[in-house]
Every structure is written in structure tokens, then in C-alpha cells.
1. If residue 55 satisfies every condition in (1) part of a loop (DSSP other than H, G, I, E, B); (2) modelled with pLDDT of 90 or more; (3) exposed (fewer than 12 other Cβ atoms within 10 Å of the Cβ) but one, which is the exception?
2. Being surrounded by fewer than 10 Cβ atoms within 10 Å (Cβ to Cβ) and either under 16 Å from the mean Cα position of the chain (by Cα) or modelled with pLDDT of 95 or more (or both), is that true of even one residue in the range 67-79?
3. Just checking, does the range 73-82 include any residue being farther than 28 Å from residue 34 by Cα and outside any helix (DSSP H, G or I)?
4. Anything in the range 116-138 that is in a strand (DSSP E or B) and in contact (Cβ under 8 Å) with a residue 24 or more places away in the chain? List them, or say none.
5. What is the one condition in (1) out of contact with any strand residue (DSSP E or B) (no Cβ under 8 Å at 6 or more places or on another chain); (2) modelled with pLDDT under 90; (3) farther than 30 Å from residue 6 by Cα that residue 95 does not satisfy?
6. Could you tell me whether the range 80-98 includes any residue that is free of Cβ contacts under 8 Å to residues at least 60 places away in the same chain, touching a helix residue (DSSP H, G or I) at 6+ places or on another chain (Cβ under 8 Å), surrounded by 11 or more Cβ atoms within 10 Å (Cβ to Cβ) and more than 30 Å from residue 133 (Cβ to Cβ)?
7. Could you grab the pairs with beta carbons closer than 6 Å, sequence gap of 6+ or different chains, first residue in the range 56-75 and closer than 13 Å to residue 43 by Cα, second one at pLDDT 95 or above?
């Protein structure tokens with residue numbers, strides 16, 4: 001029964017591998033890459049074992065896909081990716097330790113400070129008038145936590 005598959009059969013797995021890797025390039029998530037590699041490996045195995053049944057091919061693809069994804073995640077856990085600027089996408093944490101002047105007075109523990117070209121909410125332990133200098137001691141979501149500069 002021919003259902004539109006290419007001959008020899010390993011071409012189908014290679015085509016699936018390329019399609020999965022193309023999906024990874026368009027929608028990056030580091031998930032389809034490993035499935036694509038698994039499909040390519042199944043195609044290579046079919047060169048050596050051309051009479052491998054389709055059920056075994058699918059099972060081999062599933063095992064290789066899951067195995068490669070798990071192996072990559074374990075490797076990343078042991079060897080995390082290092083960067084020169086680990087706070088690049090954590091903007092609030094870049095301000096911890098810096099001192100800023102209150103733009104508006106703190107009322108009920110909340111006020112605003114001016115940071116470069118933006119305004120940030122700041123939470124402190126008590127009320128302060130505008131113009132008070134606060135040191136940023138932490139971040140709570142998108143709100144900076146401050147303390148009186150001493």
C-alpha cells in the first residue's frame with residue numbers, strides 16, 4: 001500500500017527532520033530541533049536496517065526525541081549558559097545598590113523615582129518627602145524596593 005511516501009523510506013524521515021528544524025528556526029523554543037535530529041537519526045538507521053517496520057521506526061523516533069530533549073536539559077542544568085551581562089533582561093535588578101532621588105513623595109510606603117528616561121514605582125518602609133535619596137535594595141516584580149540612603 002503506497003500512501004504517498006518517498007522511496008527509499010529513509011527520505012521521509014530526513015524530510016521530516018528538515019521540516020522540524022525549519023519549524024525550530026521559525027518558532028524557536030529549542031524543542032523541535034531535537035525532534036528533527038531524532039528524525040534524521042531514524043533515517044540514518046534505516047540505511048543500515050531498511051526492513052525495520054514502521055511501528056519500530058515511530059517508536060525509535062519517539063525514544064530518540066524524548067531522550068535527546070532530556071539529555072539536553074540535563075546538560076544545561078549541569079552546565080548553564082554563561083553570559084557577560086546576566087542582568088540584561090532583568091532591568092530592575094540592574095538598579096540594585098544604586099541611589100536615586102524620589103520624584104514624588106512616598107505615601108503609604110509607595111512612591112516614584114526617575115531612572116534615566118523612565119519612572120519606576122518604589123516601595124519603602126515609611127513615608128518620605130519628594131527629593132529624598134533612596135538606595136535600591138531589591139526588586140519585587142516591576143516595583144523597586146528602597147531604603148533611606150545613609
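The values are calculated or read from the model by the stated rules, or taken from the named source; none is laboratory data. No experiment lies behind these values; they were computed from the predicted model shown. Ideal geometry is used to build each Cβ from the backbone, glycine not excepted, and the neighbour counts take in all protein chains shown.
1. For residue 55, the exception is condition (1).
2. Within the range 67-79, the first condition is being surrounded by fewer than 10 Cβ atoms within 10 Å (Cβ to Cβ), and the residues that meet it are 77-79.
This time we only want the ones that are either under 16 Å from the mean Cα position of the chain (by Cα) or modelled with pLDDT of 95 or more (or both), so: 77, 79.
Within the range 67-79, one or more residues are surrounded by fewer than 10 Cβ atoms within 10 Å (Cβ to Cβ) and either under 16 Å from the mean Cα position of the chain (by Cα) or modelled with pLDDT of 95 or more (or both).
3. Initially, the range 73-82 is screened for residues farther than 28 Å from residue 34 by Cα, giving none.
No, the range 73-82 contains no residue that is farther than 28 Å from residue 34 by Cα and outside any helix (DSSP H, G or I).
4. Across the range 116-138, the qualifying residues are 120, 122, 133, 134, 135, 136, 137, 138.
5. Unmet condition: (1).
6. Step one: list which residues in the range 80-98 are free of Cβ contacts under 8 Å to residues at least 60 places away in the same chain, which gives 80-98.
Still in the running and touching a helix residue (DSSP H, G or I) at 6+ places or on another chain (Cβ under 8 Å): 87.
Checking the rest, the ones that are also surrounded by 11 or more Cβ atoms within 10 Å (Cβ to Cβ) come to 87.
Next, from what is left, pick out any that are more than 30 Å from residue 133 (Cβ to Cβ): none.
No, the range 80-98 contains no residue that is free of Cβ contacts under 8 Å to residues at least 60 places away in the same chain, touching a helix residue (DSSP H, G or I) at 6+ places or on another chain (Cβ under 8 Å), surrounded by 11 or more Cβ atoms within 10 Å (Cβ to Cβ) and more than 30 Å from residue 133 (Cβ to Cβ).
7. Partner pairs satisfying both residue conditions: 57/42; 60/42; 61/38; 61/42; 64/38; 64/41.
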